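A short worksheet on the structure shown next.
The values are calculated or read from the model by the stated rules, or taken from the named source; none is laboratory data. Every value quoted in this text rests on a predicted model; they were computed, and no experiment measured them. Don't worry about glycine lacking a Cβ; one is built from the backbone with ideal geometry, like all the others, and counts go over all protein chains shown. Please note that ligands, DNA and RNA were not included when accessible areas were found on the heavy atoms of the full protein model with its side chains. Shrake-Rupley method; radii C 1.70, N 1.55, O 1.52, S 1.80 Å.
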Amino acid sequence: MRHCENTGAKESARQAHVLETALAVFARHGFSKTSIEDIAIAAGISRQGIYLHFKNKDEIFSASIQKTLDDGLQAANKVFDDDRLTLEAKLLKALDEWFGRHVGLFHPEASDLRPQCERLLGDAVEKSISSFQKKLEKVILASSARKTKGADKRASTIAGMLWACGLTWKHNFSSRQEFLEKMRDAIHLCCREL
């Protein structure tokens, strides 16, 4: 029984490694210019090893994007639910989990990723984004000292502004440190009137 658990854990870790590597390769070269061979070489396994887990490039792409979305949402929700953190700390950590870990990852050649996400995952990406944005807004509203008329609109505006900053800076900055510094400033500016 113990051997099966260890084998399962190793297999799960190997698959996670392949999916994370695949995302990095897709982000660098785009969907159309990435081959299974490219992913296999980057992951340090054979093409046959890839095909043991995934039927084709579409399947590995879908799985890598879905894993990224799920991991980002899970990590951000854990941060949002941590009552020991201040609002600004929650926002910074959650936005870092959602955007910061991808700073500098996407290359201009990867411009075909969005249409491929839509083709293969339908509205799954939009649903994850919406879930994150709603939680962001909820946390801001819950921390607002002024529970006055319009507080929900203010929380929505702040969440939208921080989202826009994160999305833009994920693509424009080359280091996670630079992203965190700018995001910290933006959060501070947005939250000082709460």
Counted residues, region 121-167 - those being open to solvent by 60 Å² or more (accessible area, probe 1.4 Å), among the polar types (S, T, N, Q) and under 14 Å from Glu193 (Cβ atoms) | 2
Given (1) open to solvent by 80 Å² or more (accessible area, probe 1.4 Å); (2) over 13 Å from the mean Cα position of the chain (by Cα); (3) not polar (S, T, N, Q), number of the condition Cys117 does not satisfy | (1)
Among the listed residues Glu97, Glu118, Glu178, Glu109, which satisfies the condition of being in a helix (DSSP H, G or I) and under 16 Å from Ala75 (Cβ atoms)?
-> Glu97
List the number of the failed condition for Glu88; all other conditions in (1) within 30 Å of Glu37 (Cα to Cα); (2) open to solvent by 50 Å² or more (accessible area, probe 1.4 Å); (3) touching a residue at least 60 places away in the same chain (Cβ under 8 Å) hold.
-> (1)
State yes or no: is Gly104 assigned to a helix (DSSP H, G or I) and in contact (Cβ under 8 Å) with a residue 24 or more places away in the chain?
-> no
